[in-house]
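Colleague: Take a look at the following structure, please.
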Amino acid sequence: MENIKTVSDFNFKNKIALVRVDFNVPVNNNQSSQVIDDTRILYSLPTIQKIISDSGKVVLISHFGRPKGKCSKIYSLKFIISYLSKRLKIPIQFSENCIGKAVEKKISELKNREILLLENIRFYKEEEEGDENFAFQLSKLGDIYVNDAFGVSHRTHASITIVPKFFREKKCIGFLMEKEIQSLKKVLGKGIAPITILLGGAKISSKIAIIENLINLVDYLLIGGAMSYPFIKAQGGKIGNSLVDEYKDFEALKKIIEQYQKQKKTKIFFPKDVIIANSFKNSAKTKIVPIHSIPNGWMGLDIGPTSIKNFCEIINFSRTILWNGPLGVFEFQNFSSGTTSIAKAIVRATENGAFSLVGGGDSIAALKMKKYETKISYLSTGGGAMLESLKDKILPGIKAIIS
Ligand code: AMP
């Protein structure tokens, strides 16, 4: 990974850069696709600016939403044109097609320092299928391929893993990708100790491989949210009606805990107490109980005060922190204090010099609820891609640049 090429290794003068970006941003559909959160766009500007300042030409490829291989007005990328041209102070040209004679002609007329944005790449079913011929057609559009789309680099889609094959040594990552890789490297063993990873959310199945991989790699692993209940159940605890996702291999969970107990480096912590509710709503009746003894008819919806205190203490003395996933149903105000207290502790640790990396839509939304988003060292632009990286995997999109 040390020798992966970046945009800094190329001079783009008179060259056409085919740049895969991730402009899949949240929008307000009621107000003609107004961008609600522009983080992904903002983070990809330095790459585009570098190519322009070299006097190169830029062809931008992105997806938006899940149009499932069909053209559809609501998934058009046209709304990005005015947004991007305002930010870059350059007019943005647009192509309705991603492959074929019409787009090839447009690109042949493109001058140095000009930008062409292609329509949503997912209007072609071949994109998600990783189709070779489609990828070859796309590869004809540029001289140098740049991947700056971290948010989809865990997918084996045509524009991510197949297109780069046709560029031999003329391919690289952009500045956004470089920052994501560097930030993850700081957490996965190369950062300043103590290193703490905090995982929350509901879906345990997608995070089992991560929990297994982190043994012996980091100093503290804190697990909260609905993810903790299957582990508590696996150890014989009573979790009442708390949420357990489709993952039901409690024996495997028991073994994971035993593996953690066998080694000394990584300490794993679960919440000690929880706020339970008698129904899944904000106004439900609540009680605070030990996590191992949740009565039937009740469900744990947030971590309790003792758990908040314990988790925050660990965060306070950590020097490197990664957080992905809420600690409770933070969407309900009465069950959001675990998540917001953790967010606050991470901000405080960052102010005291720790490196913090936060990813995942819910964790970033929780930070934004408290206007903490600028107080974190790095906000990842890809929750899923970040989780995949924690499984000790080189993402397919990164592999495609190295090979
Ligand atoms: P995930 O997609 O796995 O990151 O899960 C995120 C979701 O987990 C959020 O919508 C939270 O409301 C939900 N969540 C977190 N803790 C709990 C809990 N204790 N019970 C039910 N849902 C939870």
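The values are calculated or read from the model by the stated rules, or taken from the named source; none is laboratory data. All figures in this text were calculated on a predicted structure; none of them were measured in a lab. In this analysis, Cβ positions are derived from the backbone assuming ideal geometry, glycine residues included, and neighbour counts consider all displayed protein chains. These accessible areas exclude ligands, DNA and RNA; they are computed on the full protein's heavy atoms, side chains included. Shrake-Rupley method; radii C 1.70, N 1.55, O 1.52, S 1.80 Å.
Colleague: Given the residues Asn216, Asn296, Asn241, Asn282, which is the only one that is touching a Lys or Arg at 6+ places or on another chain (Cβ under 6 Å) and part of a loop (DSSP other than H, G, I, E, B)?
Modeller: Of Asn216, Asn296, Asn241, Asn282, the one residue that is touching a Lys or Arg at 6+ places or on another chain (Cβ under 6 Å) and part of a loop (DSSP other than H, G, I, E, B) is Asn216.
Colleague: What's the number of the only condition in (1) within 14 Å of the ligand (Cβ to nearest atom); (2) of a type in the set (Val, Ile, Thr); (3) part of a loop (DSSP other than H, G, I, E, B) that Ile394 fails to meet?
Modeller: So Ile394 meets the others, but not (1).
Colleague: Still on this structure: Mind checking which residues of region 146-195 are in a strand (DSSP E or B), within 18 Å of the chain's Cα centre (by Cα) and not aliphatic (A, V, I, L, M)?
Modeller: Asn147
Colleague: Could you check region 359-379 and list, in sequence order, the residues that are within 15 Å of the ligand (Cβ to nearest atom), within 15 Å of the chain's Cα centre (by Cα) and open to solvent by 50 Å² or more (accessible area, probe 1.4 Å)?
Modeller: Gly361, Asp362
Colleague: How many residues are on the phi > 0 side of the Ramachandran plot and in a helix (DSSP H, G or I) when one looks only at region 303-337?
Modeller: Filtering region 303-337 for residues on the phi > 0 side of the Ramachandran plot gives 325.
The next check asks that each one be in a helix (DSSP H, G or I); those that pass are none.
Summing the residues that are on the phi > 0 side of the Ramachandran plot and in a helix (DSSP H, G or I) in region 303-337 gives 0.
Colleague: Let me ask something additional. Would you check which residues across region 30-61 are of a type in the set (Asp, Glu) and over 15 Å from Gly142 (Cβ atoms) and list them? Walk me through how you get there before you give the answer.
Modeller: From region 30-61, those of a type in the set (Asp, Glu) are 37-38, 54; that's our starting set.
Once the filter is applied, which keeps residues that are of a type in the set (Asp, Glu) and over 15 Å from Gly142 (Cβ atoms), region 30-61 yields Asp37, Asp38.
Colleague: Out of all the residues in region 298-312, is one or more buried (at least 18 other Cβ atoms within 10 Å of the Cβ) and farther than 24 Å from Lys370 by Cβ?
Modeller: Looking through region 298-312, at least one residue is buried (at least 18 other Cβ atoms within 10 Å of the Cβ) and farther than 24 Å from Lys370 by Cβ.
Colleague: Going through region 385-398 one residue at a time, which ones are more than 11 Å from the chain's Cα centre (by Cα), surrounded by fewer than 24 Cβ atoms within 10 Å (Cβ to Cβ) and within 18 Å of Asp22 (Cα to Cα)?
Modeller: Passing the criteria: only Pro396.
Colleague: Residues in region 344-351: is at least one of a type in the set (A, V, I, L, M), away from the ligand (no atom under 16 Å from the Cβ) and farther than 18 Å from Phe269 by Cβ?
Modeller: Step one: list which residues in region 344-351 are of a type in the set (A, V, I, L, M), which gives 345-347, 349.
Filter once more, keeping what is away from the ligand (no atom under 16 Å from the Cβ): 345-347, 349.
Keeping just the survivors that are farther than 18 Å from Phe269 by Cβ gives 347.
Checked against the condition, which is being of a type in the set (A, V, I, L, M), away from the ligand (no atom under 16 Å from the Cβ) and farther than 18 Å from Phe269 by Cβ, region 344-351 yields at least one hit.
Colleague: Another question about this same structure. When the residues of region 332-343 are filtered to those that are buried (at least 23 other Cβ atoms within 10 Å of the Cβ) and not hydroxyl-bearing (Ser, Thr, Tyr), which remaining residue is farthest from the ligand (Cβ to nearest atom)? Steps first, please.
Modeller: To start, the set of residues in region 332-343 that are buried (at least 23 other Cβ atoms within 10 Å of the Cβ) comprises 335, 338-339, 342-343.
Now restrict to residues that are not hydroxyl-bearing (Ser, Thr, Tyr): 335, 338, 342-343.
On the way: Phe335: 8, Gly338: 8, Ile342: 12, Ala343: 14 Å.
By that ranking, first place goes to Ala343.
Colleague: Taking only region 261-279 into account, find how many residues are assigned to a loop (DSSP other than H, G, I, E, B) and of a type in the set (A, V, I, L, M).
Modeller: 0
Colleague: Next up: Take the residues of region 92-115 that are in contact (Cβ under 8 Å) with a residue 12 or more places away in the chain and open to solvent by 100 Å² or more (accessible area, probe 1.4 Å): which is nearest to Ser53 (Cα to Cα)?
Modeller: Initially, region 92-115 is screened for residues in contact (Cβ under 8 Å) with a residue 12 or more places away in the chain, giving 92-100, 103-104, 106-107, 110-115.
Pick out the ones that are also open to solvent by 100 Å² or more (accessible area, probe 1.4 Å) and you get 96, 111, 113.
Details: Glu96: 26, Lys111: 13, Arg113: 7 Å.
Only one residue tops the list, namely Arg113.
Colleague: In addition: Restricted to region 186-216, and to residues that are closer than 15 Å to Met386 by Cβ and open to solvent by 40 Å² or more (accessible area, probe 1.4 Å), which residue is nearest to the ligand (Cβ to nearest atom)?
Modeller: It comes out as Lys203.
Colleague: Can you name every residue in region 22-55 that is within 22 Å of Lys111 (Cα to Cα) and either among the aliphatic types (A, V, I, L, M) or touching a residue at least 60 places away in the same chain (Cβ under 8 Å) (or both)?
Modeller: Ser44, Leu45, Pro46, Thr47, Ile48, Lys50, Ile51, Ile52
Colleague: Here's another thing I want to ask about it. Restricting to region 320-331, and then to whatever is touching a strand residue (DSSP E or B) at 6+ places or on another chain (Cβ under 7 Å) and of a type outside the set (Ser, Thr, Tyr), can you tell me which residue is farthest from the ligand (Cβ to nearest atom)? Before you say what the answer is, go through the steps one by one.
Modeller: The first filter runs over region 320-331 and keeps only residues touching a strand residue (DSSP E or B) at 6+ places or on another chain (Cβ under 7 Å), leaving 320-325, 327-329.
Okay, now just the ones that are also of a type outside the set (Ser, Thr, Tyr), so 321-325, 327-329.
Details: Ile321: 18, Leu322: 14, Trp323: 11, Asn324: 7, Gly325: 4, Leu327: 7, Gly328: 5, Val329: 4 Å.
Step by step, filter region 320-331, then rank; the result is Ile321.
Colleague: Go through region 231-246 residue by residue and tally those that are surrounded by fewer than 23 Cβ atoms within 10 Å (Cβ to Cβ) and within 12 Å of the ligand (Cβ to nearest atom).
Modeller: Within region 231-246, residues that are surrounded by fewer than 23 Cβ atoms within 10 Å (Cβ to Cβ) and within 12 Å of the ligand (Cβ to nearest atom) number 7.
Colleague: List the number of the failed condition for Glu373; all other conditions in (1) at pLDDT 95 or above; (2) over 22 Å from Gly304 (Cα atoms) hold.
Modeller: Failing condition for Glu373: (1).
Colleague: Select from region 57-83 the residues that are surrounded by 17 or more Cβ atoms within 10 Å (Cβ to Cβ) and free of Cβ contacts under 8 Å to residues at least 60 places away in the same chain and list them in ascending order.
Modeller: Lys57, Val58, Leu60, Phe64, Pro67, Tyr75, Ser76, Leu77, Ile80, Tyr83 - these are the residues of region 57-83 that are surrounded by 17 or more Cβ atoms within 10 Å (Cβ to Cβ) and free of Cβ contacts under 8 Å to residues at least 60 places away in the same chain.
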